[in-house]
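Encoded as structure tokens, the structure appears first; notes follow it.
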Amino acid sequence: MPGIDGVYVGPSDLSLTLGCKPRLDQTDPPVVEAQLKIVEACKRHGVAAGIHNGTAAYALKMIEAGYQFVTLASESRFMAAKAAEEVAAVRKTGVKAGKLPAY
């Protein structure tokens, strides 16, 4: 692959192309098979392979499969997940919010 130094897989885009539900950390067989074919082709041609992941566990799985660089979620996903975690912790207490202004 002259002129190509790296390939970066976007699992959601790949999923849509293959007629599957777009998501990170894919388990749909056609997408998983394609991800493995891509990394194997990259190895054969000496091209760096990367992939976007939703969790550390899946990123480690992709590293084991041969991907040389992985990205893990995005800033907005991390912030949204942490915000949801904090709100859930407060809601779990059962304390009801008052009607006073926030500031």
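Values as computed for the structure displayed
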| read-out | value |
| --- | --- |
| Enumeration of residues in segment 53-69 that are out of contact with any Leu (no Cβ under 6 Å at 6 or more places or on another chain), at pLDDT 95 or above and of a type in the set (S, T, N, Q) | Gln68 |
| Qualifying position, being in a helix (DSSP H, G or I) and loosely packed, with under 15 Cβ neighbours inside 10 Å, among Ala59, Ala84, Ala97 | Ala84 |
| Scan of segment 1-21 for residues that are assigned to a loop (DSSP other than H, G, I, E, B) and closer than 19 Å to Glu40 by Cα, ordered by number | Met1, Pro2, Gly3, Ile4, Asp5, Gly10, Leu18 |
| Selection within segment 54-82 - touching a Phe, Trp or Tyr at 6+ places or on another chain (Cβ under 9 Å) and over 14 Å from Val39 (Cβ atoms) | Thr71, Leu72 |
| Selection from segment 34-52 of residues that are part of a helix (DSSP H, G or I) and among the hydrophobic types (A, V, I, L, M, F, W, C) | Ala34, Leu36, Ile38, Val39, Ala41, Cys42 |
| Residue list for segment 39-50, restricted to those being within 22 Å of Thr27 (Cα to Cα), among the hydrophobic types (A, V, I, L, M, F, W, C) and touching a Gly at 6+ places or on another chain (Cβ under 8 Å) | Val39, Cys42, Ala49 |
| Residue that is surrounded by the fewest Cβ atoms within 10 Å (Cβ to Cβ) [pool: residues in segment 40-56 that are under 14 Å from Gly10 (Cβ atoms) and not small (Gly, Ala, Ser)] | His52 |
| Selection from segment 22-33 of residues that are in contact with a helix residue (DSSP H, G or I) (Cβ under 6 Å, 6 or more places away or on another chain) and either part of a helix (DSSP H, G or I) or exposed (fewer than 13 other Cβ atoms within 10 Å of the Cβ) (or both) | Val31 |
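The values are calculated or read from the model by the stated rules, or taken from the named source; none is laboratory data. Predicted, not measured: the structure shown is a model, and the values here were computed from it. Neighbour counts run over all protein chains shown; Cβ positions are idealised from the backbone, glycine included.
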